[in-house]
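Note sheet for the following structure.
Bear in mind that the values in this text are calculations on the coordinates, not laboratory data. Since the model is a prediction, treat every value here as computed from it, not as a measurement. Glycine gets a Cβ as well: all are built from the backbone with ideal geometry, and neighbour counts include every protein chain shown.
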Amino acid sequence: MTDLATADSGVYTDLDRLSINGEWLLGHSTHNNIDRDPYNGDTLAEIRMASAEDLDAAYAAAKAAQKPWAQKPHQERAQVLFDAAEILERRRQEVLSWLVRESGSTRIKANLEIDVARNIMIESASFPDRIEGRILPSSIPGQESRVYREPLGVVGIISPWNFPLHLTMRSVAPALALGNACVVKPASDTPVTGGLLIARLFEEAGLPPGLLNVVVGAGSEIGDYFVEHPTPRLISFTGSTVVGRGIGKLAHGGKYIKRVALELGGNAPLVVLGDADVEQAAHAAIVGRFLHQGQICISTNRVIVDSEIHDQFVEAVVERARKLQVGNPDDPRTAIGPIINKSQLNGLEEKIENARRDGGRQLVGGDAQGQVLPPHVFDGIKPNWDIAAEESFGPVLPILKAEGEQQALELANATGYGLTSAVFTRDYERGLHFARNIVAGMTHINDMTVDDQANAPFGGEKNSGIGRFNGRWAMEEFTSAHWITLQYRGHPYPF
């Protein structure tokens with residue numbers, strides 16, 4: 001536990017190094033990670049990356065630190081989480097600056113991300129008080145049957161670049177609260193906000209060395225070894241379905257079989273039924289698609305609109321899209337900032353060109369300025385075109401027309417993904433019936449597809465992943481059930 005009244009309030013330094021066993025070290029790889037601002041191309045940090053040797057050291061440190069941490073009084077573990085959350089709030093502007101510069105977050109999105117990450121930390125701080133076992137009835141005379149919830153041990157966390165602080169914290173906070181140790185491999189585009197900054201926060205909060213280690217490394221050099229390593233019991237991954245599928249194969253098909261928690265891609269439908277409030281639905285579609293340039297796994301990837309109100313809805317969406325400010329993410333008025341890197345931008349431009357070629361009607365658009373792509377709205381889209389069939393992960397909104405509620409439901413489910421979804425209707429019972437027939441982990445009635453609350457289960461179906469984050473669902477993911485029996489008198493064996 002740290003004394004927050006006297007804690008160092010200076011700006012964090014050494015964010016160009018790895019964090020292993022409480023030390024800030026240069027990696028042993030021969031390659032460097034050049035961390036750049038996606039808006040102006042400025043170099044933010046040059047980090048000597050981790051080698052397999054560094055990864056071994058990080059996992060060894062985590063393994064050595066974990067058992068003493070799990071044996072700490074539960075109040076001590078909780079207090080570290082509370083202190084870290086308080087430090088995050090105190091350092092909000094410093095963290096916000098990093099999110100804007102490193103991940104291209106607008107100030108709107110960066111503040112939202114800090115709030116959500118902090119909520120997860122506070123929720124996780126309650127876990128040491130809430131974790132509990134059970135005493136079960138036994139069918140054997142003289143036996144007591146107990147179930148204990150135990151920490152897994154060491155958790156390996158691979159986090160993405162789009163909400164780096166939040167989506168790393170979503171695994172780090174519950175894992176630590178429940179008595180585990182962590183090794184984090186942040187995305188190459190966001191090594192600071194996805195890992196190194198978090199290590200500094202917990203270090204300042206008094207987390208003992210070795211419990212949170214951050215290795216910045218190339219997937220080609222340490223990616224497979226990170227998963228196949230004998231130490232971690234669970235690999236928590238947030239990212240694309242393609243990569244997640246590979247991680248699942250490595251985790252389940254190697255020498256050491258381990259658990260996986262996979263939060264993967266999405267193709268979120270927002271369905272607007274014929275009796276919906278058009279303006280409300282249009283507003284939700286705009287925010288749900290264009291927040292953080294659409295670079296969110298739960299972003300609205302396609303809108304399905306009943307033909308009765310199609311034209312009215314399209315008009316409302318176009319009007320709102322044309323008013324969005326595009327450009328410098330550090331300007332508080334900016335709604336759409338830069339795409340994270342050139343490769344992502346190229347993929348988006350290809351989807352846009354394909355939609356035009358296939359006959360989609362572009363109603364809003366424009367050329368990229370640097371890596372800033374203005375909002376694009378397309379109408380007349382067919383469900384099998386890649387702009388609707390695959391996750392765009394950018395400021396591109398395709399609108400599909402449905403002839404009635406049944407076709408709208410069929411279109412919503414006509415995807416290999418099932419992360420989140422939304423439906424708009426003035427009839428709440430109709431909305432509930434519709435929502436329960438969507439194959440997805442999450443559905444929101446009369447709200448946008450983007451929502452993540454610290455006490456609610458977050459996860460998907462089909463190709464959108466395995467497992468659930470947040471709340472009591474995270475408590476199950478980051479612990480194991482250990483069944484123990486006590487035989488108080490002789491067992492009546494059959495022979």
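Nearest 20 debye, what's the magnitude of the dipole of segment 268-445 about its Cα centre given +1 on Lys and Arg Cβ and -1 on Asp and Glu Cβ?
360 debye
Can you give the local net charge around LEU270? Use residues other than it whose beta-carbon is closer than 11 angstrom to its beta-carbon, Lys and Arg +1, Asp and Glu -1.
In short, +1.
Quickly work out the ALA414-to-TYR256 label distance, labels modelled 7 Å from Cα along the C-beta direction, and quote it in nm with one decimal.
According to this spin-label approximation, the distance is 4.6 nm.
Normalise the Cα radius of gyration of segment 243-283 by 2.2 N^0.38 Å (N = residues in it) and let me know the number.
2.15
Search the structure for amide H atoms under 5 Å from the amide H of LEU400, placed 1.01 Å from N in the peptide plane, and list their residues when 5 or more places away or on another chain.
HN-HN under 5 Å from LEU400: VAL303, ILE304, VAL305.
By DSSP, what percent of the beta bridges with both residues in segment 268-445 are antiparallel, rounded to the nearest 5?
Beta bridges within segment 268-445, antiparallel portion: roughly 20 percent.
May I ask you to work out the translational diffusion coefficient for segment 268-445 at 37 °C, viscosity 0.692 mPa s, via Stokes-Einstein with Rh from the Kirkwood sum over Cα pairs, reported in whole µm²/s?
204 µm²/s
How much length, in nm to one decimal, is gained on full extension between ASP56 and VAL147, taken as 0.36 nm per residue of separation minus their Cα-Cα distance?
The ASP56-VAL147 span can extend by a further 29.5 nm.
Less than 24 Å apart at the alpha-carbon level, and either on another chain or at least 8 residues along: which lysines does that give for LYS185?
Straight-distance partners of LYS185: LYS63, LYS67, LYS109, LYS249, LYS255, LYS258, LYS342.
More than 20 angstrom separation, counting every C-alpha pair in segment 109-198; what % is that?
Here the tail beyond 20 Å accounts for 47 percent of pairs.
For log10 I(q)/I(0) by the Debye sum over Cα atoms at q = 0.10, 0.12, 0.14 Å⁻¹, pick the label among [x] -0.91, -1.14, -1.38; [y] -0.77, -1.06, -1.34; [z] -0.95, -1.06, -1.19 that corresponds to the value derived from the coordinates.
[y]
What FRET efficiency, computed as 1/(1 + (r/R0)^6) with R0 = 35 Å and r the Cβ-Cβ distance, is obtained for ASN21 and ARG92, rounded to the nearest 0.05?
0.80
Give me the percent relative contact order of segment 268-445, please, defined on Cα pairs under 8 angstrom at least 6 residues apart.
Worked out over segment 268-445, it gives 29 percent.
Considering the Cα trace of segment 343-458, what is its radius of gyration and what is Dmax, both in angstroms?
When restricted to Cα atoms, segment 343-458 yields Rg and Dmax of 15.7, 47 Å.
If one takes the longest principal axis of the Cα atoms in the chain, at what angle in degrees, from 0 to 90 and to the nearest 10, does the Cα axis of helix 107-125 lie?
It is inclined by approximately 30 degrees.
Order these peptides, 251-257, 279-285, 299-305, 26-32, by their mean beta-carbon neighbour count within 10 angstrom, highest first.
My ranking of the peptides, most packed first, is 299-305, 279-285, 26-32, 251-257.
ASP386 versus GLU228, label points 7 Å from Cα toward the beta carbon: distance in nm?
For the pair ASP386/GLU228, the computed spacing is 3.1 nm.
With the contact rule set at Cα under 8 Å and sequence spacing of 6 or more, what percent relative contact order holds for the chain?
18 percent
Can you work out the PRE-style zone for TYR488? Point 7 Å along Cα to Cβ, and I want the residues of segment 112-149 with backbone N under 20 Å.
133-148
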